[in-house]
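Undergrad: Would you mind keeping the following structure in view while I ask a few things?
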Amino acid sequence: MSAQAVAGDTARDAARRREQRGWYWYDWANSVYSTTVLTVFLGPYLTSVAKAAAGPDGFVHPLGIPVRAGSFFAYTVSASLLLSVLAMPVAGAVVDRTGRKKPLLGFCAYAGAAATTGMFFLGGQRYLLGGALLIIANVSFVVSMMLYNSYLPQIAEPDERDAVSTRGWAFGYAAAALALIANLVLYAGHDAFGVTEGTAVRICLASAGLWWGLFSLIPLRRLRDRWAARGADVPAAGAATFGQGWRQLRGTLRDMRSRPLTLAFLLAYLVYNDGVQTVITQASVFGSEELKLDQTTLIVAVLLVQVLAAAGALLMGRLARRYGAQRTILGSLVAWTATIAAAFFLPAKVPAGFFVIAAAIGLVLGGSQALSRSLFSHLVPRGKEAEYFSAYEISDRGVSWLGPLVFGVTYQVTGSYRDAILSLVAFFVVGFVLLARVPVRRAIAAAGNAVPDRI
């Protein structure tokens, strides 16, 4: 190989590493929103605002529809996920037709950051403002994550993707933990800072938006667009309408039918990730209602999950390099099953046991999600990254109601949150069986991609 060729390879490697480092920073930027806003502060605060606006019967009436104030947050989250499912195919169609991924990522990042920062104004009875800002922020977050994930096969070689993906997740969890520590200092010591508890919460919410916007500058400077070749039959970006986006999604699903092994992996992911997401959203309910733990204990447990999830993602990345991503994910599903089964036996009013469960969840949470992302990236045909990752995100968001439904129905029938949490074991067991049956090497080759030495 000539010196010129070697120099060219070295320059390309350096550019790729720089882009990867920029890519990590979007996980750092947006993870604070999902933790500080969605997991910890917004649900209880927006519910209290809705209750302040409710009539004597406990109902508010958004758009003239009677809604129990305590359900307003959950319904708003559901509405935002439904709108996200509608928006992602349109975004995927625009990107894959034009290659203009970075401008759309920037638009979503700053729309979400602005809406989150605006949550500072959710005082008094402004529950409708809170619902509108939550919908804008959450749709922006979900669509931006679809675009962000679709960069992975473009910026990392096949043998690098497990490590790159897990580093991104670890970076995000580290940011969430750091911001949560600062938020909890303000929240717990609000009197010392001369602010009310409500004002402290609104500052925490707004700070997540400022964080999201500030640190999004780094990936938007370092990531680059891959311009799509556009023939006479491919419309310009302005023609990629809502209907065309959904036609492209149907085309993507038809294309996947010719790659049944990719669909098989997507089905397995759909099942076990629904279990993961349900544990994340329902663990606080289990802790407060069944184990009778106070809010401080629950918040500390969330912080513990964030810290250990960063370390766990890096650890599972190393395991994947040694044993392969598929085997490592299967091992994590065994750990998830054992952890949820152990939670069934936790004694009430004993925080130590809940912290042990939180630690176990943290160690497998980030890695199982990061390795699933990197493994799917091997199953995506070149040039179709955005539309395939749109289907990947839709498979997650589109059925995210199933796990909570199983949890809720189990509680309704048995009256026990212990039985409800135990019911989620089924998602991990079924997901394990489905994933174990996927021949990933054949699936990667069928997608037209190079098969890594270890997968």
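The values are calculated or read from the model by the stated rules, or taken from the named source; none is laboratory data. From a predicted model like this one, the values you see are computed outputs, not experimental measurements. All Cβ positions, even for glycine, are placed from backbone atoms using ideal geometry, and neighbour counts span all protein chains on display. These area figures cover heavy atoms from the full protein model, side chains too; ligands, DNA and RNA do not enter into them. Shrake-Rupley method; radii C 1.70, N 1.55, O 1.52, S 1.80 Å.
Undergrad: Please state which one of LEU333, LEU314, LEU319, LEU308 is at pLDDT 95 or above, assigned to a helix (DSSP H, G or I) and under 23 Å from the mean Cα position of the chain (by Cα).
TA: LEU333
Undergrad: Only residues that are part of a loop (DSSP other than H, G, I, E, B), at pLDDT 70 or above and either open to solvent by 60 Å² or more (accessible area, probe 1.4 Å) or of a type in the set (Gly, Ala, Ser) (or both): list them for the stretch 223-268, please.
TA: Residues satisfying the conditions are ARG224, ARG226, SER258.
Undergrad: Between LEU214, LEU220, which is exposed (fewer than 15 other Cβ atoms within 10 Å of the Cβ) and not acidic (Asp, Glu)?
TA: Sole residue among the options that is exposed (fewer than 15 other Cβ atoms within 10 Å of the Cβ) and not acidic (Asp, Glu): LEU214.
Undergrad: Could you run through the stretch 55-80 and say how many residues are part of a helix (DSSP H, G or I) and open to solvent by 30 Å² or more (accessible area, probe 1.4 Å)?
TA: 10
Undergrad: Turning to a different aspect of this structure: Only one of ALA74, ALA50 is at pLDDT 80 or above, closer than 20 Å to GLY123 by Cα and aliphatic (A, V, I, L, M); which?
TA: Only one candidate passes the filter, namely ALA50.
Undergrad: Name the pairs whose Cβ atoms lie under 8 Å apart, with the first residue in the stretch 103-129 and outside any helix (DSSP H, G or I), the second open to solvent by less than 20 Å² (accessible area, probe 1.4 Å), and 6 or more positions between them or separate chains?
TA: From the stretch 103-129, the pairs are LEU122/LEU46; LEU122/VAL49; LEU122/GLY130; LEU122/LEU205; GLY123/VAL49; GLY124/VAL49; GLN125/VAL49; ARG126/VAL49.
Undergrad: While we're on this one: So how many residues does the stretch 426-455 have that are open to solvent by less than 30 Å² (accessible area, probe 1.4 Å) and in a helix (DSSP H, G or I)?
TA: 7
Undergrad: Separate question: Answer yes or no as to whether PHE345 is among the aromatic types (Phe, Trp, Tyr) and crowded, with 16+ Cβ neighbours inside 10 Å.
TA: no
Undergrad: Provide a single number: the residues in the stretch 405-425 that are of a type in the set (Gly, Ala, Ser) and surrounded by fewer than 18 Cβ atoms within 10 Å (Cβ to Cβ).
TA: Counting residues in the stretch 405-425 that are of a type in the set (Gly, Ala, Ser) and surrounded by fewer than 18 Cβ atoms within 10 Å (Cβ to Cβ) gives 3.
Undergrad: Could you check the stretch 165-189 and list, in sequence order, the residues that are surrounded by fewer than 24 Cβ atoms within 10 Å (Cβ to Cβ) and either more than 14 Å from ASP27 (Cα to Cα) or β-branched (Val, Ile, Thr) (or both)?
TA: Residues satisfying the conditions are ILE181, ALA182, LEU184, VAL185, LEU186, TYR187, ALA188, GLY189.
Undergrad: Six or more apart or on different chains, Cβ atoms under 9 Å: show the pairs whose first residue is in the stretch 63-90 and touching a residue at least 24 places away in the same chain (Cβ under 8 Å) and whose second is among the basic types (Lys, Arg) and surrounded by fewer than 15 Cβ atoms within 10 Å (Cβ to Cβ).
TA: Note: pairs meeting the criteria are PRO89/ARG247; PRO89/ARG250.
Undergrad: Restrict the check to the stretch 84-99 and report whether at least one residue is touching a Phe, Trp or Tyr at 6+ places or on another chain (Cβ under 8 Å), open to solvent by 30 Å² or more (accessible area, probe 1.4 Å) and within 30 Å of LEU147 (Cα to Cα).
TA: Taking every residue of the stretch 84-99 in turn, at least one turns out to be touching a Phe, Trp or Tyr at 6+ places or on another chain (Cβ under 8 Å), open to solvent by 30 Å² or more (accessible area, probe 1.4 Å) and within 30 Å of LEU147 (Cα to Cα).
Condition check ((1) surrounded by fewer than 20 Cβ atoms within 10 Å (Cβ to Cβ); (2) more than 13 Å from LEU46 (Cβ to Cβ); (3) in contact with a helix residue (DSSP H, G or I) (Cβ under 7 Å, 6 or more places away or on another chain)) across all residues:
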site: ALA109; (1), (2), (3): no, yes, yes
site: TYR127; (1), (2), (3): no, no, yes
site: GLY131; (1), (2), (3): no, no, yes
site: ILE135; (1), (2), (3): yes, no, yes
site: MET146; (1), (2), (3): no, yes, yes
site: ASP159; (1), (2), (3): yes, yes, no
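Undergrad: Applying the selection to the stretch 326-342, what residues are among the hydrophobic types (A, V, I, L, M, F, W, C) and open to solvent by 40 Å² or more (accessible area, probe 1.4 Å)?
TA: VAL334, ALA338, ALA342
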